[in-house]
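The values are calculated or read from the model by the stated rules, or taken from the named source; none is laboratory data. Predicted model only: the values in this text are computed from it and were never measured. When we count neighbours, we look across all protein chains shown, and the Cβ atoms used for this are built from the backbone with ideal geometry, even at glycine. In case anyone asks, the SASA skips ligands and DNA or RNA and just uses the protein heavy atoms, side chains included. Shrake-Rupley method; radii C 1.70, N 1.55, O 1.52, S 1.80 Å.
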Amino acid sequence: MGPIGLMGLIGPIGPIGPIGPISPISPISPISLISPISPISPISPMKTGIFVGSFNPFTAGHDSVVTRALPLFDRLVIGVVGQQVNKPGQPSAEERAEAIRRIYANEPRIEVKPYYGLAVDFAREEGARFIVKGVRSVKDFEYEREQADVNRLLSNGEIDTVLLYAEPHLASISSSMVRELQHYGQDVSPFLPIKK
C-alpha cells in the first residue's frame with residue numbers, strides 16, 4: 001500500500017471523507033473518455049473500481065482494503081503493476097496476479113489482472129470511475145494526494161480516487177517488510193491473507 005512509483009499509483013482525488021470522495025460527481029459520457037493515446041472501454045452500467053499496486057507480496061493490509069472496498073462497488077478489479085517488478089528472482093506480474101486470484105477464487109465480483117502503463121488508463125480500459133487506494137500514514141496520504149491530483153488532470157476530472165485508511169493493527173504491514181522477513185527466514189503467515 002506504500003508508494004511504488006509514478007507509473008503504478010496515479011489516481012485523482014477530491015474532498016474526502018472516511019471512505020473517499022464526498023463531492024458530487026457529474027455524469028460522464030463514454031465519448032468523453034476516448035483519448036488518442038488509450039483505447040477506452042465505455043463506462044459499464046456496473047459501478048466498477050480498481051485497486052492497483054505491485055503487491056509483491058499481497059499482504060493482509062491489501063486484503064483489508066479489498067474487503068472494505070467491495071461493498072462500494074459492483075465489480076472490483078485488482079490491477080497488478082507489470083513494469084515495476086522485473087528483477088531476477090522476483091515473481092512476474094502474472095505470477096503475482098495468479099496468487100491473488102487464488103485468494104478470491106470464490107468472490108465473483110473481484111477480478112485480478114496485470115497491467116502495464118498508467119493506473120488512469122487501466123481504469124478507463126476497465127470502465128472504472130474510481131481508483132481505490134490504501135493509506136497507512138501521513139506520508140502515504142501526501143503521496144497519494146499528489147498522484148490523485150495528477151490523475152484527475154489526466155482524466156479531465158472523470159476518474160476519482162477513494163482512500164481507505166489502514167486498520168490500526170495493519171498499519172505497520174508493508175510488502176517490503178514482508179519480503180525482508182522472508183529473506184531472514186521468518187514466518188510471515190500472520191501478515192498474509194487467507195483464501196476467502
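Per-structure values
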| quantity | calculated |
| --- | --- |
| Potential extension, residue 46-residue 90 segment - 0.36 nm per residue separation minus Cα distance | 12.4 nm |
| Ranked order, 177, 46 - accessible area, probe 1.4 Å, largest first | 46, 177 |
| At R0 = 25 Å, FRET efficiency that the Cβ-Cβ distance of residue 192 and residue 109 yields, to 0.05 | 0.70 |
| Qualifying lysines (Cα of each under 23 Å from Cα of residue 47; at least 8 residues distant if same chain) | 113, 133, 196 |
| For region 66-196, accessible area per residue (1.4 Å probe, heavy atoms of protein chains only), Å² | 50 |
